[in-house]
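In what follows, a structure is listed as structure tokens, so that the remarks can point back to it.
The values are calculated or read from the model by the stated rules, or taken from the named source; none is laboratory data. This structure is a prediction, so every number in the text was calculated from the model and none was measured. So basically every Cβ, Gly included, is an ideal-geometry build from the backbone, and we count neighbours across all protein chains shown.
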Amino acid sequence: MAIFQDLTIVTGNSHRLLANEICQYLNISIGQCEVFKFSNDNIFVKYNENIREKDVFIIQSISTPVNDHIMELLIMIDAAKRASAGRITAVIPYFAYGRSDKKDQPRVPITARLIANLITVAGADRILTMDLHAGQIQGFFNIPVDELSAVPILADDFNKNGPTNSVVAATDVGDAKRARNTADILNMPIAIVEKQRLGNEEKIGSGTLIGKVKGLNAIIIDDEIGTGGTVISAANILKENGAKDIYCYVTHPVLSGESSKSISDSVIKELVITNTLPISEKQNIEKLRTVSIANLFGEAIHRIHNGLSVGAMFNKTTI
Ligand code: R5P
């Protein structure tokens, strides 16, 4: 039984396609909300329907232009609060700035924490997101956070479409847990490529391999792909150590700069991504395939609205 009044789903301009897909799953129309910029670059938001006491879900993935989309989200939350929404959930499929989650150099910010504060101060009551760069980012919020995982969907896709006789590879020691979860689902061994990032350079240094890959196909699993440097360098190391075909499965396709071309030219056979972020024509190369996470978000929204367990979606209990 719904605790809050009617469900209202609205979106900013970051990824309307995904918001529409989520609404299709929930069998409701997207709420009337205009979000645009005046000529002076100021963003304006207006809800064109009554949202008083409604259970409002604002879908806004932090796609590029990242800073504009953050401001849209903050202003949408503020407008919803001032329109007396009953509860406001910020649905953020991709949480940008997640890599700035610690002081790993002197005199640097923790921008992920700053963004979490801004969202909370704007008036959000809850967060629904997916595959944060580090799970601990949940703790940057003093409001409930539901973090979904794309791993079961990605693993299921590899099970259906990938080759047998494979190994799951992590691109980093810090990412070994994600690889372990995937390997458990797929019942496969794991290998870890130790990544060395050179300061603030987006370039990846050479790394060493832990585990056996010779004669096996490899599935590289990662939370996001930016320049593509991480997965390409991992793929090269796997190849050098005798791996056969290399597949990459990544939740968030940031795909910055010339990354798509680099993937095209690389030893990677296929890059499978989810639609947490929109893909431009330039990014959409032949090696790319997308699996949708819209139904997962739709089901999570249904459960949050009706006070049902979100965790049960992943551990197969029915509570
Ligand atoms: C880093 O720790 C992440 O898990 C990804 O490996 C990283 O963000 C990918 O970035 P890029 O594609 O620019 O190497």
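Give the residue that is farthest from Arg16 (Cα to Cα), with candidates limited to residues of region 286-301 that are in contact with a strand residue (DSSP E or B) (Cβ under 8 Å, 6 or more places away or on another chain) and not in a strand (DSSP E or B).
Here the residue is Lys287.
Restricting attention to strands (runs of 3 or more DSSP E) lying wholly within region 115-197, give those where 2 or more residues are over 19 Å from the mean Cα position of the chain (by Cα).
In region 115-197, the matching strands (runs of 3 or more DSSP E) lie at 166-170, 190-193.
Only one of these conditions is not met by Arg52: (1) farther than 15 Å from Gly123 by Cβ; (2) assigned to a loop (DSSP other than H, G, I, E, B). Which number is it?
(1)
Can Ser280 be described as farther than 25 Å from Ile190 by Cα, of a type in the set (Gly, Ala, Ser), more than 15 Å from the ligand (Cβ to nearest atom) and in a loop (DSSP other than H, G, I, E, B)?
yes
Of all the residues that make up region 237-260, how many are part of a strand (DSSP E or B) and either more than 12 Å from the ligand (Cβ to nearest atom) or more than 30 Å from Thr129 (Cα to Cα) (or both)?
Residues that pass the stated criteria total 3.
Would you point out which residue out of Ala155, Ala134, Ala169 is within 16 Å of the ligand (Cβ to nearest atom), assigned by TED's automatic domain parsing to the domain that holds Thr230 and either in contact with a Lys or Arg (Cβ under 7 Å, 6 or more places away or on another chain) or aliphatic (A, V, I, L, M) (or both)?
Ala169
It is to be established whether one or more residues within region 54-69 are among the aliphatic types (A, V, I, L, M), over 16 Å from Phe95 (Cβ atoms) and either surrounded by 11 or more Cβ atoms within 10 Å (Cβ to Cβ) or assigned by TED's automatic domain parsing to the domain that holds Ser280 (or both).
yes
Do the conditions hold for Ile204, that is, is it at pLDDT below 95 and near the ligand (Cβ under 8 Å from one of its atoms)?
So Ile204 passes the test.
So for region 121-129 (the condition being more than 21 Å from Glu270 (Cα to Cα) and charged (D, E, K, R)), does at least one residue qualify?
Looking through region 121-129, at least one residue is more than 21 Å from Glu270 (Cα to Cα) and charged (D, E, K, R).
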